[in-house]
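Step one of this worksheet: look at the structure below.
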Amino acid sequence: MTKYCIVTTTCDKLEIANKIIDTLLKKRLVSCCQMSKVESSYWWEDEIVKEPEFLIQMKTKKELFKEVEKEILGIHDYETCEIISYDIDEGNDKYLKWIEDEIK
């Protein structure tokens with residue numbers, strides 16, 4: 001069973017994205033965050049919506065997912081926000097060790 005994962009979320013405000021990133025890093029719940037601008041298209045309240053958002057990818061241990069999720073939910077302002085985890089099945093041994101060393 002894989003030990004590490006990538007958690008993703010999106011938000012439409014830079015200040016919220018930065019607060020999520022800073023909080024998770026300071027609490028050592030993630031080892032790394034990457035943020036990029038994306039154009040999201042989705043169904044919301046029976047309409048197709050197209051909005052600019054910030055996509056945040058965070059590397060962490062699978063066992064910390066619920067803590068990461070709780071922190072994101074405490075900061076996020078969306079009614080229903082994306083918080084998804086993807087397993088890291090394989091990776092560079094040194095990089096995976098670095099994840100291990102930098103978080104709880």
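The values are calculated or read from the model by the stated rules, or taken from the named source; none is laboratory data. A quick note: this is a predicted structure, and the numbers were derived from the prediction, not measured. All Cβ positions, even for glycine, are placed from backbone atoms using ideal geometry, and neighbour counts span all protein chains on display. Quick note on the areas: whole protein, heavy atoms, side chains included, nothing else; ligands and nucleic acids left out. Shrake-Rupley method; radii C 1.70, N 1.55, O 1.52, S 1.80 Å.
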Under 17 Å from LYS104, Cα to Cα: aspartates and glutamates that are on another chain or at least 8 residues apart: ASP22, GLU63, GLU67, GLU69, GLU71
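If the viscosity is 1.306 mPa s and the temperature 10 °C, what translational diffusion coefficient in µm²/s does Stokes-Einstein give for the chain when Rh comes from Kirkwood over Cα pairs?
Details: Rh = 14.3 Å.
My calculation gives 111 µm²/s for D.
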For helix 93-102, what angle does its Cα long axis make with the longest principal axis of the chain, in degrees from 0 to 90 and rounded to 10? 80 degrees
With +1 on each Lys and Arg Cβ and -1 on each Asp and Glu Cβ, and nothing else charged, work out how big the dipole of segment 1-98 is about its Cα centre, in Debye to the nearest 20. 860 debye
Sequence-distant residues sharing a close amide H with TYR4 (under 5 Å, placed H): LYS62, ILE88
Working from Cα positions, state the angle (0 to 90°, nearest 10) between the long axis of helix 65-75 and the longest principal axis of the chain. 40 degrees
Mind pulling the per residue volume of the convex hull built on the Cα atoms of segment 11-50? Å³ is fine. 86 Å³
Grab the DSSP H runs of the chain that are 4 residues or longer, score each as -39,500 (n - 2.57), total them, divide by all residues and round the 222 nm result to the nearest 500 deg cm²/dmol. -10000 deg cm²/dmol
Of the heavy-atom accessible surface of the chain (probe 1.4 angstrom), what whole percent is carbon and sulfur? 50 percent
Tell me the angle of helix 14-26 to the major Cα principal axis of the chain, expressed in degrees between 0 and 90 and rounded to the nearest ten. 20 degrees
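Taking the solvent-accessible surface of protein heavy atoms with a 1.4 Å probe, what is the per residue accessible area of the chain in Å²?
Details: 6830 Å² over 104 residues.
In whole numbers, the chain has 66 Å² accessible per residue.
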Just to be sure I follow the rule: in segment 1-85, considering lysines 8 or more places apart or on different chains, how many pairs have Cα atoms under 13 Å apart? 6
From the residues ILE16, ILE56, VAL30, which one has its Cα farthest along the dipole of the chain in the positive direction, the dipole being from +1 and -1 charges on Cβ of Lys/Arg and Asp/Glu about the Cα centre? VAL30
